[in-house]
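All remarks here apply to the structure that follows.
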Amino acid sequence: GACCRQLVPISRAEAVQLAELVEGMPAERQAAVRERFRSTLAALAEHGLLARLRRPGLLKTLTARRKIGEEYFRLSLPCPFLEEESCSIYPHRPLTCREYLVTSPAENCREPCPDTIEKVPLPVKFSELLYTFGDGFGAQASRWMPLVLALEWAARHACKEPVFPAPQLFGNFLALVSKTVKKAQVQRAAG
């Protein structure tokens, strides 16, 4: 569960999906999950990170994202969905979590750095495509949020997101994936 103490970026669509997942939980479990979200946000506020996480414009550069990610990890705040060191929503986990593939020993995740963590390289990260997909086409600037802000964001914005029939949305996403893969192939061939 060490990797479940990292800052997890999610898309707006995933925030809505996670909020709906929590809403559908039995009352007692829902209350426990909501309390874990609340206590995590309180801890982030206490350490001065919450205000910065709520201002994504401050996190546009890779350096800024890495810095806040390291600060977040040092707090050792478990994901609100982590129960008994296991993901309680594993079949519904965000794409970023699905893409976090490492081959190094689990104990190395307590102090993750390039020297200790061996990631499996992915030719395309679908999560990064999903961050641009809030418009249903993948034409907008990358927009992500930390998982810990999912419930509050969804409560304010869920009904404002564009809605497409599932087949059209899936087709739009596949077109974006195809375009991205072709671009990566061209870059590899030129490089």
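The values are calculated or read from the model by the stated rules, or taken from the named source; none is laboratory data. Quick caveat: nothing in here was measured; it's all calculated off a predicted structure. Using ideal geometry, Cβ is built from the backbone for each residue, glycine included, and neighbour counts are taken over all protein chains shown. Protein only, heavy atoms only, side chains kept; ligands, DNA and RNA dropped before computing areas. Shrake-Rupley method; radii C 1.70, N 1.55, O 1.52, S 1.80 Å.
Descriptive notes on the structure:
- When the Cα positions of CYS79, PRO94, THR63 are compared along the charge dipole of the stretch 1-108, THR63 comes out farthest toward the positive end, with charges on each C-beta of Lys, Arg, Asp and Glu.
- ALA31 paired with ASP115, simple spin-label distance in nm, labels 7 Å along Cα-to-beta-carbon: 4.8 nm
- GNM flexibility winner over the chain from THR40, THR132, THR61 (Cα, springs under 10 Å): THR61
- Gained length - ALA184 relative to ALA64, 0.36 nm times residue gap less alpha-carbon distance: 40.7 nm
- Sequence-separation-based contact order of the stretch 25-135, relative, with Cα cut under 8 Å and 6+ spacing, percent: 17 percent
- Counting only protein heavy atoms and a 1.4 Å probe, the stretch 29-97 has 60 square angstrom of accessible area per residue.
- Here the Gaussian network model covers the chain, with springs between Cα atoms less than 10 Å apart; of LEU101, LEU147, LEU77, LEU101 fluctuates the most.
- Protein heavy-atom surface of the chain, 1.4 angstrom probe: 58% of the accessible area is carbon and sulfur, with nucleic acids and ligands not counted.
- Each semi-axis of the equivalent ellipsoid for the chain is √(5λ) with λ an eigenvalue of the Cα gyration tensor; in descending order they amount to 26, 23, 17 Å.
- Modelled this way, with points 7 Å down the Cα-to-C-beta line, the labels at LEU122 and ALA2 are 2.1 nm from one another.
- The Cα-based radius of gyration and maximum Cα-Cα distance (Dmax) for the stretch 46-137 are 14.9, 40 Å.
- Relative to the Cα centre, the charge distribution of the chain, modelled as +1 at Lys and Arg Cβ and -1 at Asp and Glu Cβ, gives a dipole magnitude of about 840 debye.
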